[in-house]
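Here the structure is laid out as structure tokens; the discussion comes afterwards.
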Amino acid sequence: MNLREGTRRLALLLGVVGAIFGGFVSYAELQSMTRQRADHRLFEQLANSDVVKEAKHWRTLAPEQRDKAVALMTPEHKLKLAKALGFNGTPTQSDVGELDEDGIKTIHWDWTLDNQIESIETQDGQTLYQTPAPTAWEYILVALLPVLGFFIPWGAVRAIGWVGAGFVASPK
């Protein structure tokens, strides 16, 4: 029995199996990250539309500033802003704004996060939440998963074989 050659072959075999498994995990993670990036971009695009920016600005105004702004608005502008803020008369604050334009059906506002957008419901029925874009480190990790999948089992078998060889080696 050749322990040294058997250990080398076992290490290579398990390393290749680990690399293949790492490739599958890498592919699945890349798909998830691609979806996360697309959701992030769409949310940011919708959250930075003009009507949403105006509604966000409106929510930060003091009551006396709002009264002055309402006096200067046209009726159409009042109605558009009121819908974005979630009210059917003059603009005010609410938790939900029904917009139905620019791809946005409903805006869900969060009072606890300094008048930020909690979620946006699109006209096609999708609900988008504010999600961070994948970081560069996540992309690097995805690229390294197959490499790690090879070297972790390969190194573990080599280390175990080295320690085992010390127990079965004949004295000189």
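Would you point out the residue of region 19-59, among those that are modelled with pLDDT of 90 or more and hydroxyl-bearing (S, T, Y), that is surrounded by the fewest Cβ atoms within 10 Å (Cβ to Cβ)? Among them, the one singled out is T34.
Residue-by-condition table, conditions (1) in contact (Cβ under 8 Å) with a residue 40 or more places away in the chain; (2) part of a helix (DSSP H, G or I); (3) not aliphatic (A, V, I, L, M):
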{"position": "G18", "(1), (2), (3)": "yes, yes, yes"}
{"position": "A28", "(1), (2), (3)": "no, yes, no"}
{"position": "R37", "(1), (2), (3)": "yes, yes, yes"}
{"position": "H57", "(1), (2), (3)": "no, yes, yes"}
{"position": "E64", "(1), (2), (3)": "no, yes, yes"}
{"position": "A71", "(1), (2), (3)": "no, yes, no"}
{"position": "E76", "(1), (2), (3)": "no, yes, yes"}
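As for region 104-124, it holds no residue that is assigned to a helix (DSSP H, G or I), modelled with pLDDT of 75 or more and not hydrophobic (A, V, I, L, M, F, W, C).
Against the numbered list (1) closer than 30 Å to R9 by Cβ; (2) at pLDDT 90 or above, W162 comes up short only at (2). Taking the criterion of being under 30 Å from P153 (Cα atoms) and hydrophobic (A, V, I, L, M, F, W, C), the residues of region 18-66 that qualify are A19, I20, F21, F24, V25, A28, L30, M33.
The values are calculated or read from the model by the stated rules, or taken from the named source; none is laboratory data. Being a predicted model, the structure only gives us computed values, none of them experimental. Positions of Cβ are generated from backbone atoms using ideal geometry, with glycine treated the same way; all protein chains shown enter the neighbour counts.
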